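One structure is given here, and the rest of the page talks about it.
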Amino acid sequence: MSYGYESTNLSDTAREIKQYIYDSTIYEKSPEPLKGDASWWADQTGIPEEEIIPALEELVASNTLIKQEDDSNPVYIYVPMTVVSPELHGPTQE
C-alpha cells in the first residue's frame with residue numbers, strides 16, 4: 001500500500017517524503033512524532049538537502065507537516081494521528 005501517491009499535485013520529492021512517513025509509522029503501535037530540520041529529513045530519506053527543502057515546504061502547505069520556526073533553522077514535524085473517531089465505525093448495535 002502506498003501513502004504518498006494519492007495526491008498528484010505534489011512533487012515527486014514530496015511524495016517520497018510522504019512514503020517515508022507512511023513506511024515509518026504504519027506498523028508502529030505507539031508512533032512517535034518524526035521531527036527534524038531539513039538535514040535530518042535528508043539523512044532519513046536519502047534526498048539531497050537542497051532538493052528536500054522545497055518538498056518539506058509543500059508538505060507544510062498541504063498540512064502533512066508542521067513547521068516550527070524558532071531560529072533560522074526551521075524544524076519540520078509529522079505528528080501521527082492515532083485516534084479514530086467512533087463515527088467512522090458506523091452505527092452501533094445497542
Across region 3-21, the tally of residues that are modelled with pLDDT of 90 or more and either exposed (fewer than 14 other Cβ atoms within 10 Å of the Cβ) or not in a helix (DSSP H, G or I) (or both) stands at 3
Here the qualifying pairs (Cβ atoms under 8 Å; residues six or more apart or on different chains; first in region 61-76 and within 18 Å of Ile17 (Cβ to Cβ); second among the basic types (Lys, Arg) and surrounded by 11 or more Cβ atoms within 10 Å (Cβ to Cβ)) come out as Thr64/Lys18; Pro74/Lys67; Val75/Lys35; Val75/Lys67; Tyr76/Lys35; Tyr76/Lys67
Within region 41-53, residues under 14 Å from the mean Cα position of the chain (by Cα) and over 13 Å from Tyr20 (Cα atoms) come out as Ile53
Checked Glu50, Glu57 against criteria (within 22 Å of Ser11 (Cβ to Cβ) and surrounded by 15 or more Cβ atoms within 10 Å (Cβ to Cβ)); the one match is Glu57
Requested in this report: Consider Ala38 carefully, then state whether it is touching a helix residue (DSSP H, G or I) at 6+ places or on another chain (Cβ under 9 Å) and farther than 12 Å from Ala14 by Cα.
Outcome: yes
Of those in region 23-40 that are surrounded by 12 or more Cβ atoms within 10 Å (Cβ to Cβ) and outside any helix (DSSP H, G or I), the residue nearest to the chain's Cα centre (by Cα) is Leu34
Glu87 passes all but one of the listed conditions (1) outside any helix (DSSP H, G or I); (2) over 13 Å from Ile21 (Cα atoms); (3) at pLDDT below 80; the exception is number (1)
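The values are calculated or read from the model by the stated rules, or taken from the named source; none is laboratory data. Here the structure is a predicted model, which is why all the values come from computation and not from measurement. All Cβ positions, even for glycine, are placed from backbone atoms using ideal geometry, and neighbour counts span all protein chains on display.
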